[in-house]
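Peer 1: Here you go, one structure.
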Amino acid sequence: MNDKVLKIHAENVYKSFGKNEVLKGVSLDVHENEVVVMIGPSGSGKSTFLRAINQLEKIDKGSIIVDNVDVSDPKTNINKVRQRIGMVFQNFNLFNNKNVIDNITYAPLTLKKMTPDEAVEKARRLLVTVGLADREKSPVSQLSGGQKQRLAIARALEMGPDVMLFDEPTSALDPEMVGDVLNVMRNLAKQGMTMIIVTHEMGFARQVADRVVFFDQGVILEDDSPEIIFNQPKNVRAKEFINKIINA
Amino acid sequence: MRKKYYFFITILTIIVGLIIPFSNNTNFGVAADEKSHYTITTDSTYPPFDFQKEKQKEYVGIDMDLLKEIAKIENFTYSVKPMSFNMAAQTVANGQADGIIAGMAITPEREKIYDVSTPYFKTGVVFAVAKNSKIKSYEDLKGKKVALKTGTAAANYALELQKKYNFDVTYFNDSNIMYNDVIEGNSVACFEDQPVMQYAIQTGLKLKIPDQKLGNAGSYGFFVKKGQNSQLLKKFNRGLKKLQDNGKYDQIVDRYLGSAKNSVTKEKKGNLPHYNIATDVTFPPFEIQAKNGKYTGIDMDILESISKSQGFTYTLKPMSFNSATQTVANGQNDGIISGLTVTDERRKVFDFSNTYFRSGFIWAVNKDAKIKNIKDLKNQTVALKTGTGSADYAKSIQKKYGFKIKYFNDSNTMYNDVVVGNSVACFEDEPVMRYAIKNGINLTIPKQTPANTGEYAFAVQKGKNAALLKAFNIGLKELKKSGKYDQIKAKYLGSKADTNKEVGNTKEDNSVWGLLSSNREMFLSGLGNTMLLTVFAILIASVWGLILGIMGVSENRFVRGIYSTIIYIFRGLPLLVLAFFIYIGLPNLTGVKISTFAAGLLTLVLNEGAYTGAFVKGGFDAVDPGQMEAARALGVPYNQAMRGIIMPQGLKIMIPSFINQFIITLKDTSIISAIGFVELTQTGQLLVARTQKGFAVYGIVALIYLIVITVLTWLSKFIEKRLGF
């Protein structure tokens, strides 16, 4: 594993919301082409840690280094770093004032990273891969939940990121919509995208993940391959959690 | 059910509350004349007549002291309700208070609505300028701006001068603000009653009176609502007489004006002999006030013709009939022409001219009536007007002819009662009846001999003004000889040869429609100014509010601080205070003059802009924070994300707030009237001051606002749709 390029290196990360300490010294390395799934009970800090990676949450202590750039350093131009990190939210957060294709082209055009022609051409290709080629001009309010999340993935990919962060991407979806979204993610993983995914979809994690990380009460209790985590977890709390989910 | 019941009661209470003050003839005041406690309104700031002394709650001044002494002598109690002059006058006019003493000049318009006491103070209008001003006379005012106080006699006088001397006027509701406007140099002069001005200057006001010439010399009186509180009026007159007799009156006046009251010189007379002629203008067809404020009528036309032919000039002093006779009898005025009947009693105090008119009581019937003889009135109902000589006469012959009697309070209603056939006849003074018929009342006068005939003549104080009397007699003779006299008579009373029915608009139509049509230009100009102010205020305040709102969501803490401070100040300040501060305070600070429009606009922009800024920030804040996160996660900087994602969505949220704010802005323009901008509300105030028809005028004003607001709302909704929201 260690022959791969280190993409993300987090060390001893602390974060509090007021008196509530959410991250209590989290350290994690993610290498190129790796798919890391983060699991754990709600409130364990996995989403906060994910959002700290692109600095949507500022951390109190420790450091997070993405592609050799310290994102927790106030001197860093965070906007530059974020352009290389795609993010997909639980609630999609599509731009309500824009239609499908404009959602995708908004960032490159605003940041003048592409010409309009380039942006549209790339957006159309992405729409094909996420299965929304026929909805180019639709207002986002007319899309179903699954379509919205697939559009959100396409939007995140438009800027050509080399890391993708997924924050419970299927939690807000109706069960029949989940499969389509997971398929898109599965294809991404096959193409070698570096991905960090917060999810409760254990089947998907087992299939796609290179590593599964178990979060509990602000710390990582176990970091293993999916086979070990799901079949014979070393940590007691991880075992309890996985049993609960699988037998639910 | 209970809720409905309470709702119903509330509505009923509101309606009753609205109606009672405006119903003139309700009998709520049955016992009013026997009461001994009265509510007296006064102007809260009208020194030296009415004002609050420093650190004292009690109101003092010439008016207040007089009232106090009179109440003591006449043994009644009263409570004083200080308010703005307009309100004070209105409150009495609609019967909510018993009387008003507020340095209120006796004018013919007011005598239509009020009963007035004997004059208690002689006054006139002067103008004052800043201490260093070079203005010496009316001529110097040409093209300059002059400050007036709404609804005062001084303002009316200035408006008369305006035509001749061509100055601009600006209005205020308060003397102090008016004075300040002159001191600040926004206006070059203000018109004010002489004693008031004198007193203000004596107590340190930095103005001077360049010319002590008294304009429109007149008198102050104590007013009660017409036809009511006659006991109070009697008490006041009796008490005033006693005060004047025992010297207390002079003491009171001296207390406030010192010896300065004597420093006023009398109006200068020109080369021609000049006389002050008293008259009663509420006596058509002899004295009628035309819509333009000029006086016409048989008396007026005769006087004018004679003055021209005999080479003298005169100033007309319109007042109540009683005051007119009194002021001539005691020498304050030189002559009286007022449909004055020659009687032996009057001969004791007046010298009469040759008579110029013969009058008497007659009765009139419906045009289609078959009644030809007074005997036909037997068992029929006749209409009379309360308190008139003709009514007394009719009563005196009631038994003889066996008719029934019905009373009315005003002539018009009485005539109409006959026209519609409820009564068969009415009794009236012959010329008055003929004039009314000529002006379209559908009645006719059966052949009869006028009863109780009397002769009208011009009169002067006994033993004085012989030259004037002689001139009048010679002029009258010439007038009759030339046939001009008959022309004048025919003009007002009609004759068989006269086919010209209309005498011009001699009667001011005070109905809602009449007010609206005869003052259309005033209303339109007021509305125009309101619209102008509203449109500019809305546009600029919206832009300013957007800027503020954007500052409010800035990433920079310092910029957000500026936002908070501006909102805190301008949302916190009452609009009225802000208006005064900008119009009066700011020039003081900066030395830069500012027009009422600019000051009003700035006031509105600052105030409405602050409210707009607050809801703009609120609208931005209301956009789902996930939208900002998504944009930021893509690497889009805050400001660009704000512009591209948050603001378009926020603006949509705030559209209803914008429409709401537009309507508020329109309504708030009415507050700008306080600094003298003549918009719709101020127009209404000016009209009420002139016509005293508060209910009708404010009703019209309210309706106009509602119409404009409806249009504005509709327009906003239309634009909202067009923008595709």
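The values are calculated or read from the model by the stated rules, or taken from the named source; none is laboratory data. Note that the structure is a prediction, hence the values are computed from the model and not measured. Methodologically, a virtual Cβ is constructed for each residue, glycine included, from the backbone with ideal geometry; neighbour enumeration extends over all protein chains shown. Remember, those area values only see protein heavy atoms, side chains included, never the ligands or the DNA or RNA. Shrake-Rupley method; radii C 1.70, N 1.55, O 1.52, S 1.80 Å.
Peer 1: Nearest 20 debye, what's the magnitude of the dipole of chain B about its Cα centre given +1 on Lys and Arg Cβ and -1 on Asp and Glu Cβ? Numbers along the way, then the final one.
Peer 2: Details: 87 positive and 61 negative charges, 237 e Å.
Dipole magnitude for chain B comes out near 1140 debye.
Peer 1: Of all DSSP beta bridges located in the protein assembly as shown, what percent are antiparallel, nearest 5? Spell out each step's value before the answer.
Peer 2: On the way: 64 of 112 bridges.
Around 55 percent antiparallel, to the nearest 5.
Peer 1: Taking 0.36 nm per residue of sequence separation and subtracting the Cα-Cα distance, how much length would be gained by fully extending the chain between B:ASN322 and B:THR203, in nm to one decimal? The partial results should precede the final answer.
Peer 2: Working: separation 119, 0.36 × 119 = 42.84 nm, distance 3.62 nm.
Answer, rounded to one decimal: 39.2 nm.
Peer 1: Under the definition of Cα pairs under 8 Å and six or more residues apart, what whole-number percent is the relative contact order of the range B:121-220? Numbers along the way, then the final one.
Peer 2: On the way: 180 pairs, mean separation 50.1, N = 100.
Reported relative contact order: 50 percent.
Peer 1: Calculated from DSSP H runs of 4 or more alone, at -39500 (n - 2.57) each and per residue, what is the 222 nm mean residue ellipticity of the protein assembly as shown, nearest 500?
Peer 2: Working: 38 runs with 449 residues, N = 973.
That calculation yields -14500 deg cm²/dmol at 222 nm.
Peer 1: May I ask for log10 I(q)/I(0) of the range A:64-170 at q = 0.15 Å⁻¹, from a Debye sum over the Cα atoms as equal point scatterers with solvent left out?
Peer 2: The calculated log intensity ratios at q = 0.15 Å⁻¹ are -0.63.
Peer 1: What are the ³J(HN,Hα) couplings of the range A:13-22, residue after residue, when phi is run through the Karplus curve with 6.51, -1.76, 1.60 and θ = phi - 60°? Round to Hz, x for glycine and proline.
Peer 2: Ordered by residue, 3J(HN,Hα) equals 7, 10, 8, 10, 9, x, 8, 8, 7, 9 Hz.
Peer 1: Would you mind listing how long chain A runs along its three principal axes, going by Cα atoms, in whole Å with the largest first?
Peer 2: 52, 45, 40
Peer 1: Using only Cα atoms, locate the centre of the range B:544-563 and the centre of the range A:71-133, then give the distance between them in Å, rounded to an integer.
Peer 2: Here the two parts' Cα centres lie 28 Å apart.
Peer 1: Using the crude model of +1 on Lys and Arg Cβ and -1 on Asp and Glu Cβ, and no other charge, please compute the dipole size for the range B:121-220 relative to its Cα centre, in debye to 20. Write out the running numbers ahead of the final one.
Peer 2: Working: 13 positive and 10 negative charges, 58 e Å.
Approximately 280 debye in magnitude.
Peer 1: May I pose another question? Using alpha carbon centroids, what distance separates the range B:144-223 and the range B:389-467, in Å?
Peer 2: So the two Cα centres are separated by 43 Å.
Peer 1: Then there is this: 7 Å from Cα along Cα→Cβ at both B:ASP368 and B:PHE536: what's the point-to-point distance in nm?
Peer 2: So the label points at B:ASP368 and B:PHE536 sit 5.9 nm apart.
Peer 1: Can you tell me how the range B:556-715 classifies by the Cα gyration tensor, rounded, prolate or oblate, using a/c under 1.5 as the rounded cut? Don't jump to the answer; show the numbers that get you there.
Peer 2: Numbers: a/c = 3.99, a/b = 1.79, b/c = 2.23.
It is oblate, given that a/c is not under 1.5 and a/b is not larger than b/c.
Peer 1: Within chain B, what whole-number % of the accessible surface is contributed by carbon and sulfur, with the 1.4 Å probe and all protein chains included in the calculation?
Peer 2: On the way: 19670 of 35080 Å².
It is 56 percent, rounded to a whole number.
Peer 1: Summing +1 for each Lys or Arg and -1 for each Asp or Glu, what net charge is found among the other residues whose Cβ lies under 13 Å from the Cβ of B:LYS72? List each step's numbers first, then the result.
Peer 2: Details: positive: B:LYS68, B:LYS235, B:ARG238, B:LYS242, B:LYS248; negative: B:ASP65, B:GLU69, B:GLU74.
For residues surrounding B:LYS72, the net value is +2.
Peer 1: In addition: Pop out a list of residues from the range A:76-107 that are at least 20 Å² less accessible with all the protein chains around than in their chain alone; 1.4 Å probe, no ligands or nucleic acids counted.
Peer 2: A:ASN79, A:ARG82, A:PHE89, A:ASN93, A:PHE95, A:ASN96, A:ASN97, A:TYR106, A:ALA107
Peer 1: Ignoring ligands, DNA and RNA, how much accessible area is buried between chains B and A, both sides summed, with a 1.4 Å probe, to the nearest 100 Å²? If you can, show how the numbers build up before the last one.
Peer 2: Values: alone 35940 and 12000 Å², together 46300 Å².
By this definition, chains B and A bury close to 1600 Å².
Peer 1: Now for a separate question. Using only the alpha carbons, work out the radius of gyration and Dmax of the range B:121-220 in angstrom.
Peer 2: 11.9, 33
Peer 1: Now a separate question. Can you give the accessible area of A:ASP174, probe radius 1.4 Å, in Å² rounded to 10?
Peer 2: Surface open to solvent at A:ASP174 totals about 90 Å².
Peer 1: Which FRET efficiency value, to the nearest 0.05, do you get for B:LYS667 and B:ILE445 by plugging their Cβ-Cβ distance into 1/(1 + (r/R0)^6) with R0 = 60 Å?
Peer 2: Numbers: r = 54 Å, r/R0 = 0.89.
After rounding to 0.05, the efficiency reads 0.65.
Peer 1: Further question: For B:LYS395, list the aspartates and glutamates whose Cα falls under 20 Å from its own Cα; do not include residues on the same chain fewer than 8 positions away.
Peer 2: The reachable aspartates and glutamates, counting only those whose Cα sits under 20 Å from B:LYS395, are B:ASP376, B:ASP410, B:ASP417, B:GLU428, B:ASP429, B:GLU430.
Peer 1: I'd like the projected area of the range B:420-480, averaged over all directions, using the convex hull of its alpha carbons. Report it in nm² with one decimal. Walk me through the intermediate numbers first.
Peer 2: On the way: hull surface 27.2 nm².
Dividing the Cα hull surface by four gives the mean projection, 6.8 nm².
Peer 1: Quick one: of the DSSP bridges fully inside chain B, what percent are antiparallel, nearest 5?
Peer 2: Details: 42 of 73 bridges.
Taking every DSSP beta bridge with both residues in chain B, the antiparallel ones total about 60 percent.
Peer 1: When we measure straight from the Cα of A:LYS58, which lysines land under 25 angstrom away, once same-chain ones fewer than 8 places off are left out?
Peer 2: The reachable lysines, counting only those whose Cα sits under 25 Å from A:LYS58, are A:LYS7, A:LYS15, A:LYS19, A:LYS24, A:LYS46, A:LYS75, A:LYS80, B:LYS617.
Peer 1: Can you tell me, using C-alpha contacts under 8 Å and at least 6 residues apart, the relative contact order of chain A as a whole percent? Don't skip to the end; give the middle numbers.
Peer 2: Values: 446 pairs, mean separation 63.8, N = 248.
Computed over chain A, the figure is 26 percent.
Peer 1: Here's another thing I want to ask about it. Could you size up the charge dipole of chain A around its Cα centre, putting +1 on the beta carbon of Lys and Arg and -1 on that of Asp and Glu, and report it in debye to the nearest 20?
Peer 2: The dipole of chain A has a size of about 480 debye.
Peer 1: Quick one: if you stick a label point 7 Å off each Cα along the C-beta vector at A:SER27 and B:VAL419, how many nm between them?
Peer 2: Placing both labels 7 Å beyond Cα along the Cβ direction yields 10.6 nm.
Peer 1: Taking +1 at the Cβ of each Lys and Arg and -1 at the Cβ of each Asp and Glu, which of B:ALA537, B:ALA633, B:GLN682 sits farthest along the dipole of the protein assembly as shown towards its positive end, judged by Cα position relative to the Cα centre?
Peer 2: The Cα lying farthest towards the positive end belongs to B:GLN682.
Peer 1: Also: Tell me the angle of helix B:248-257 to the major Cα principal axis of chain B, expressed in degrees between 0 and 90 and rounded to the nearest ten.
Peer 2: 40 degrees
Peer 1: Hey, could you grab the Kirkwood Rh for the protein assembly as shown? Inverse mean 1/r over distinct alpha carbon pairs, Å, one decimal.
Peer 2: Working: mean 1/r = 0.0278 Å⁻¹.
It works out to 36.0 Å.
Peer 1: For the range B:30-165, what is the accessible area per residue in Å², given a 1.4 Å probe and the full set of protein chains?
Peer 2: Values: 5730 Å² over 136 residues.
Counting only protein heavy atoms, the per-residue value for the range B:30-165 is 42 Å².
Peer 1: Something else: If a/c stays under 1.5 just call it rounded; otherwise compare a/b with b/c (prolate if a/b is bigger, oblate if not). Do that for the range B:357-456, with a ≥ b ≥ c from the square roots of the Cα gyration tensor eigenvalues. Present the calculation step by step, with values, prior to reporting the outcome.
Peer 2: Numbers: a/c = 1.29, a/b = 1.08, b/c = 1.20.
Since a/c stays below 1.5, the shape of the range B:357-456 is classed as rounded.
Peer 1: Ok, one more. Compute the angle between helix B:230-246 and the longest alpha-carbon principal axis of chain B, please, reported from 0 to 90 degrees and rounded to the nearest 10.
Peer 2: Orientation of helix B:230-246: about 80 degrees from the principal axis.
Peer 1: Determine which residues of the range B:613-632 fall in the zone a paramagnetic label at B:SER564 would reach in this model, i.e. backbone nitrogen under 16 Å from the point 7 Å along Cα→Cβ.
Peer 2: Only B:614, B:617-618 fall inside the zone, counting backbone N under 16 Å.
Peer 1: Calculate how many DSSP beta bridges within the range B:357-456 are antiparallel, expressed in % of all such bridges and rounded to the nearest 5. Walk me through the numbers before you get to the answer.
Peer 2: Numbers: 11 of 18 bridges.
Percentage antiparallel, nearest 5: 60.
Peer 1: Now for a different question. Cα gyration tensor of chain B, axes a ≥ b ≥ c as square roots of the eigenvalues: rounded (a/c below 1.5), prolate (a/b > b/c) or oblate? It would help to have the intermediate numbers written out before the result.
Peer 2: On the way: a/c = 2.23, a/b = 1.70, b/c = 1.31.
Prolate is the answer for chain B, as a/c is 1.5 or above and a/b outweighs b/c.
Peer 1: Going down the list B:LYS652/B:LYS721; B:LYS652/B:LYS717; B:LYS375/B:LYS399; B:LYS68/B:LYS235; B:LYS122/B:LYS164; B:LYS367/B:LYS438, which pairs span over 18 Å between their C-alpha atoms? Working shown, then result.
Peer 2: Working: B:LYS652/B:LYS721 11 Å; B:LYS652/B:LYS717 13 Å; B:LYS375/B:LYS399 12 Å; B:LYS68/B:LYS235 12 Å; B:LYS122/B:LYS164 26 Å; B:LYS367/B:LYS438 13 Å.
Those over the limit are B:LYS122/B:LYS164.
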